[in-house]
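Below is one structure; the comments refer to it alone.
The values are calculated or read from the model by the stated rules, or taken from the named source; none is laboratory data. This structure is a prediction, so every number in the text was calculated from the model and none was measured. Cβ placement follows ideal geometry from the backbone for every residue including glycine, while neighbour counts extend to all protein chains displayed. Note: areas computed on protein heavy atoms with side chains; ligands, DNA, RNA excluded. Shrake-Rupley method; radii C 1.70, N 1.55, O 1.52, S 1.80 Å.
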Amino acid sequence: MSPEIRPAATVLLLRDGAAGLEVHLLRRTRGMPFAGGMTAYPGGGVDPRDADTDVAWAGPEPADWAASLGCDEPLARELVCAAVRETFEEAGVLLAGSPDSAGGIVPSVSGDDWEAQRQALLTRELSLAELLATRGLALRSDLLRPFAHWVTPPAEKRRYDTRFFAAALPVGQEARDVSGEADEVSWLTPEAALTEMRAGTRPMLPPTIHTLGQLAAFPDVASALAGSPPEPLNPIMPTFTEEPDGRWAVLPDGTRIRIVVPLPS
């Protein structure tokens, strides 16, 4: 039997750098049960408390997100909440602000008190709804854009139905190396990251390779957000083929992506 598919959310966190558009990337710790040693974006599986309807919300409502993401309203709420929660847990960036969407974004979340609450989120002692309530903040769904939708093939031991979101790094906040699941974090242009992947020094799974290629078409954050999603948001489930020159992922449109394995430790 194929393993159960778990809904998940991941976020392409973007900023404008000297060389152009940059994206925040994590290298997952080797030995992890899923994608160990691979470079990826902040993200993870939906948690039961991501369904909390008490979370303060500003921006497009779950019903609007359901239409964009091609799912029902409860799942849309969970995916957006998971995207915001995972970005704070894994990158120390909080996509939240005043309950009035015209009131601005929280400018800094780097103090000791914020770190204590981030740790409480990780241990599930605190929910996202509770964190926002203690601060008088709301989740800012208007800071997210739908970007891609990937489904792990049936042959894999762990399967995820993952929505990819794009978001700009909020002014005043800094992405930090806080994830216990990563041993390296980087801000790289999409092309620089792909160059390292092709050289064999930065292994990635096919969804990361493909979405970086999509990002590379945008010169800056504003154009990336305005152009999201970069193509129709249809679910992509690759198939795999073994050939003399290696193993390849083949996408529904015929695109071929070489599978790269983690470097030996």
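Quote the accessible area belonging to residue 68 in square angstrom, nearest 10, computed with a 1.4 Å probe and with ligands, DNA and RNA left uncounted.
Only protein atoms counted, so the area is about 60 Å².
Running a GNM on the chain with Cα contacts under 10 Å, which residue among 164, 218, 88 ends up with the highest mean-square fluctuation?
Highest fluctuation among the options: 218.
Got a sec? What order do 41, 160 fall in by accessible area at 1.4 Å, biggest, i.e. largest, first?
Order by accessible area, largest first: 160, 41.
If I stretch the segment between residue 226 and residue 198 completely, what's the gain in nm (0.36 nm per residue apart, minus their alpha carbon distance), one decimal?
Net length gain for the segment: 7.2 nm.
Gap in Å between the Cα centre of region 121-200 and the Cα centre of region 223-239?
Region 223-239 and region 121-200 have Cα centres separated by 16 Å.
Using a 1.4 Å probe and counting only protein heavy atoms, arrange 124, 85, 28 so the residue with the most accessible area comes first.
124, 28, 85
Quick one: accessible surface of residue 135, probe radius 1.4 Å, all protein chains present, in square angstrom to the nearest 10.
Its heavy atoms expose roughly 80 Å² to the probe.
In terms of solvent-accessible area of protein heavy atoms at a 1.4 angstrom probe, what is the ranking of 183, 52, highest value first?
My answer, sorted largest first, is 183, 52.
Specify the residue with the greatest mean-square fluctuation among 99, 244, 48, computed from a Gaussian network of the chain linking alpha-carbon atoms under 10 Å apart.
Its mean-square fluctuation being the largest, the pick is 244.
What is the sum of charges, Lys and Arg at +1 and Asp and Glu at -1, for the other residues whose Cβ falls under 13 Å from the Cβ of residue 217?
Local charge sum for residue 217: -3.
Per 0.36 nm of contour for each residue apart, how much would the distance between residue 100 and residue 237 grow if the chain were fully extended, relative to their Cα-Cα spacing?
Between residue 100 and residue 237, full extension yields 45.5 nm more.
Just 96, 18, 192 to compare: in a GNM of the chain, with alpha carbon springs under 10 Å, which one fluctuates most?
Residue with maximal mean-square fluctuation among 96, 18, 192: 18.
Report the net charge of residues surrounding residue 170, where surrounding means a beta-carbon distance below 11 angstrom and charges are Lys +1, Arg +1, Asp -1, Glu -1.
Spelling it out: positives minus negatives among the neighbours equals +1.
Output the Cα-based Rg and Dmax of region 5-258 in Å, rounding Rg to one decimal and Dmax to a whole number.
For region 5-258, the Cα radius of gyration and maximum Cα-Cα distance read 17.5, 58 Å.
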